[in-house]
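> One structure coming up, written as structure tokens, with questions to follow.
The values are calculated or read from the model by the stated rules, or taken from the named source; none is laboratory data. A quick note: this is a predicted structure, and the numbers were derived from the prediction, not measured. When we count neighbours, we look across all protein chains shown, and the Cβ atoms used for this are built from the backbone with ideal geometry, even at glycine. Heads up: the accessible areas ignore ligands, DNA and RNA and are worked out on the full protein's heavy atoms, side chains in. Shrake-Rupley method; radii C 1.70, N 1.55, O 1.52, S 1.80 Å.
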Amino acid sequence: FCDLSGRIAIVTGGASGIGRAIAFKLASLGATVVLGDVKLEELKNVANEIAQQTSSKVVPLYVNVGDFNSAKEFYQKATEILGIDYVDILVNNAGINRDALFVKMTFEQWDEVMKVDLYSMFNMTKQVVDGMIRRNYGRIINMSSMSWLGNIGQANYSAAKAGVIGFTKTLARELAKYNITVNAITPGFIDTPMTRAVPEKVRQKIIERIPMGRVGSPEEVANLIAFLSSEEASYITGEVIGVTGGLVL
Ligand code: NAD
């Protein structure tokens, strides 16, 4: 079940948190994983750890997903290194938050989040789509967030993550005839460096609102992504799936 042997996957934001857990999971299921991140040193460490614990090949490469040319160079390098002209799986995971109440939010905070969390979807997916169409196979998984429903202090992030859902649903319809599935994930409150930056008082308040009474682990998100990446998820497309411990915003 969920055997990914022979599959080639790209995971962005692989140096930390959820992306790191996704990379571990896909590699442990047999996929060759190309890891992209702006933090190249951390990324190399993650790749080494995975190589030690699995028998899969892991390629760490710099990418700024918010920049189209960087995404293009990343894909060119990855395919050159692996001697291929396609990937089977793309996990658009890299993301940032720059929280502020709208009255205080700067254009830079808006712009940065739009680039990394939303433009990245276009920048990365554009690279892989032709190869997937040619091979009549593909799995694209886009990282949204429960915050897409609206969350105080996150006008930029909520807008970008809602955009991810519109993008996902449209692509799912356009690419279904090529046997490419496109789905979005909406994690709730997951224990990563992103959420560890939340002040302890606020963190406790959020946990109180989670029916399961605890934060989620990156591995619990990675498990869903592994399933959506597999042959077994062949008839699931255009979906938005939560990993939230029951949290409703
Ligand atoms: P994280 O900060 O631990 O990891 C994000 C990674 O993305 C980092 O390694 C960072 O260097 C990388 N990154 C940032 N900007 C980049 C860029 N321009 N190009 C390439 N890589 C870049 O965060 P995380 O919690 O693991 O989040 C992963 C994804 O999950 C994000 O899209 C985030 O919005 C989403 N998410 C997280 C939570 C949560 O509770 N942690 C909840 C909902 C959604």
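> What's the FRET efficiency of Glu239 with Ile152 using the Cβ-Cβ distance as r and R₀ = 22 Å, to the nearest 0.05?
Working: r = 27 Å, r/R0 = 1.23.
Computed FRET efficiency for Glu239 and Ile152 comes out at 0.20.
> Separation between the Glu231 and Cys2 pseudo-spin-labels, each 7 Å from Cα along Cα→Cβ, expressed in nm?
Placing both labels 7 Å along Cα→Cβ, they lie 1.6 nm apart.
> Next up: Among Asn93, Gly6, Ser144, whose Cα lies farthest out toward the positive end of the dipole of the chain, if unit charges sit on the beta carbon of Lys, Arg (+1) and Asp, Glu (-1)?
Towards the positive end, the residue furthest out is Ser144.
> Still on this model: Give the accessible surface of the chain per residue, rounded to a whole number of Å², with probe radius 1.4 Å and ligands, DNA and RNA excluded.
Details: 11670 Å² over 249 residues.
I get 47 Å² per residue for this part.
> Taking all protein chains in place and a 1.4 Å probe, what share, in percent, of the accessible surface of region 155-249 do carbon and sulfur account for?
Carbon and sulfur atoms account for 58 percent of the accessible area of region 155-249.
> How far is it, in nm, from the label point at Leu40 to the one at Lys177 when both lie 7 Å from their Cα along the line to the Cβ?
Using points 7 Å along Cα→Cβ, the separation is 4.2 nm.
> Give, rounded to the nearest 20 debye, the magnitude of the charge dipole that region 8-243 has about its Cα centre when Lys and Arg contribute +1 at Cβ and Asp and Glu contribute -1 at Cβ.
With only Lys, Arg, Asp and Glu charged at Cβ, the dipole is about 340 debye.
> Let me ask another. Using all alpha carbons of the chain, what is the percent of pairwise distances in each 5 Å bin, ordered from the shortest bin to the longest?
Spelled out bin by bin, the chain gives 1, 7, 14, 19, 21, 17, 12, 6, 2, 1, 0 percent.
> With a 1.4 Å probe and all protein chains kept in place, how do Met105, Met194 rank by accessible area, largest first?
In descending accessible area the options line up as Met194, Met105.
> Using 0.36 nm times the number of residues separating Arg209 and Asn69, minus their current alpha carbon distance, what extension gain do you get?
Using 0.36 nm per residue and subtracting the Cα-Cα distance, I get 46.2 nm.
> In whole angstrom, how far apart do the alpha carbon centroids of region 148-182 and region 1-59 sit?
24
> With the cut-off at 23 Å, tell me which of the pairs Lys25/Lys57; Lys25/Lys126; Lys39/Lys77 have Cα atoms farther apart than that.
Values: Lys25/Lys57 13 Å; Lys25/Lys126 25 Å; Lys39/Lys77 17 Å.
In this structure, Lys25/Lys126 exceed 23 Å between Cα atoms.
> If you don't mind, another one. Give, in nm to one decimal, the length gained when the segment between Glu49 and Phe122 is fully stretched (0.36 nm per residue of separation minus the Cα-Cα distance).
In short, 23.3 nm is gained.
> Mean 1/r over all different Cα pairs, inverted: what Kirkwood radius does region 166-238 give, in Å?
So the Kirkwood estimate lands at 14.3 Å.
> With a Förster radius of 41 Å, plug the Cβ-Cβ distance of Arg135 and Glu108 into 1/(1 + (r/R0)^6) and report the FRET value to the nearest 0.05.
The formula returns an efficiency of 0.55 here.
> Continuing with this model, one more query. When all alpha-carbon pairs of region 121-249 are counted, what percent fall beyond 20 Å?
48
> Then there's this: Quick one: ranking Arg7, Arg209 by accessible area, 1.4 Å probe, largest first, what do you get?
Descending order: Arg209, Arg7.
> Right, next: Please give the length that would be gained between Ala197 and Asp85 if that part of the chain were fully extended, namely 0.36 nm times their separation in residues minus their C-alpha to C-alpha distance (nm, one decimal).
Separation in residues times 0.36 nm, less the Cα-Cα distance, equals 36.4 nm.
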